[in-house]
Each structure stands twice: as structure tokens, then as C-alpha cells.
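Quick notes on the structure that follows.
The values are calculated or read from the model by the stated rules, or taken from the named source; none is laboratory data. Values in this document were obtained by computation on a predicted structure and should not be read as measured data. Don't worry about glycine lacking a Cβ; one is built from the backbone with ideal geometry, like all the others, and counts go over all protein chains shown. Each accessible area value is taken on the protein alone, full model and side chains, heavy atoms only, with ligands, DNA and RNA left out. Shrake-Rupley method; radii C 1.70, N 1.55, O 1.52, S 1.80 Å.
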Amino acid sequence: MTDPELRQLVESNARTAQAMLDTMAEARLEREEARGEFQAGMQRLEEAIQRLTTLQAGIVQLLASLDEDRPTVLRKLTSIDNKVDHLLDA
């Protein structure tokens, strides 16, 4: 192999190696961007779950207070029904 051929082969190998390094660097950047987007999505999901959990706890408290503070419609209807039955029996 002559000196110019050898030099050309070395240069070709160097360009190939640089192209491979460039491709690897681009892939690394893409992975980092995807990881960041994934983490942001997970953070939003965790925040949504927390809001849903808080909302559910509020609904449970509201329903519990409705049962404790005021009779429900069903209880009122049952009371009226019992009174009507009592009046009809008398």
C-alpha cells in the first residue's frame, strides 16, 4: 500500500469515526431530551394523582358531613312514609 493510499485510508477512517461520534452525541442528546420530557410527564401525573386524592378526601368529608348534619332525602322520605303509615293505621 502506497503512502497516499495509506493516508487516504486513515483520513477515511477518521471521518467515519467522527461521524460515529457525532451520531452517538446526537443520540445522547435525544435520550436526555426524552428523559426530561418523561420526568416532566411523571411530575404532572404525580401532581394530578395528588389533586385527585385531595378531591376524593374532600368528597368523602362532604358526604360524611351530609350524613351527620342533615338527614338525607331517603331518611326524610322514610320518616314521611312511616308517619303516613301510622296515620292510615290509626
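In whole percent, and with a 1.4 Å probe on the protein chains, what portion of the accessible area of the chain is carbon and sulfur?
Details: 5070 of 8360 Å².
Within the chain, the accessible surface is 61 percent carbon and sulfur.
Given only helices, namely DSSP H runs of n ≥ 4 each adding -39500 (n - 2.57), what is the per-residue ellipticity at 222 nm of the chain, to the nearest 500 deg cm²/dmol?
On the way: 2 runs with 84 residues, N = 90.
Taken over the chain, the calculation gives -34500 deg cm²/dmol.
Under a GNM of the chain (C-alpha, springs under 10 Å), which listed residue has the highest mean-square fluctuation: E47, E30, E11?
Judging by the Gaussian network model, the answer is E11.
So which residue, out of L63, L52, L74, gets the largest mean-square fluctuation from a GNM of the chain using Cα contacts under 10 Å as springs?
L74
How far is helix 3-69 tilted off the main Cα axis of the chain, in degrees rounded to 10, range 0 to 90?
Roughly 10 degrees between the two axes.
I'd like to check one number: the per residue accessible area of the range 1-88, probe 1.4 Å, reported in Å² as a whole number.
Working: 8110 Å² over 88 residues.
Each residue of the range 1-88 exposes 92 Å² on average to a 1.4 Å probe.
Can you tell me the dipole magnitude for the chain around its Cα centre, using point charges on the Cβ only (Lys, Arg +1; Asp, Glu -1), in Debye to the nearest 20? Provide the component values of the computation, followed by the final result.
Details: 11 positive and 17 negative charges, 63 e Å.
Rounded to the nearest 20 debye, it is 300 debye.
Once the dipole of the chain is set up with Lys and Arg at +1 and Asp and Glu at -1 on Cβ about the Cα centre, which of G58, A17, A27 lies farthest towards its positive end?
The listed residue farthest towards the positive side: G58.
Take the alpha carbon atoms of the chain, find their radius of gyration, then divide it by 2.2 N^0.38 Å using N residues; give the quotient. If you can, show how the numbers build up before the last one.
Numbers: Rg = 37.2 Å, N = 90, 2.2 N^0.38 = 12.2 Å.
With N residues counted in the chain, Rg over 2.2 N^0.38 Å equals 3.06.
Treating the angle as unsigned and between 0 and 90°, give the value, to the nearest 10°, between the Cα long axis of helix 73-89 and the longest Cα principal axis of the chain.
20 degrees
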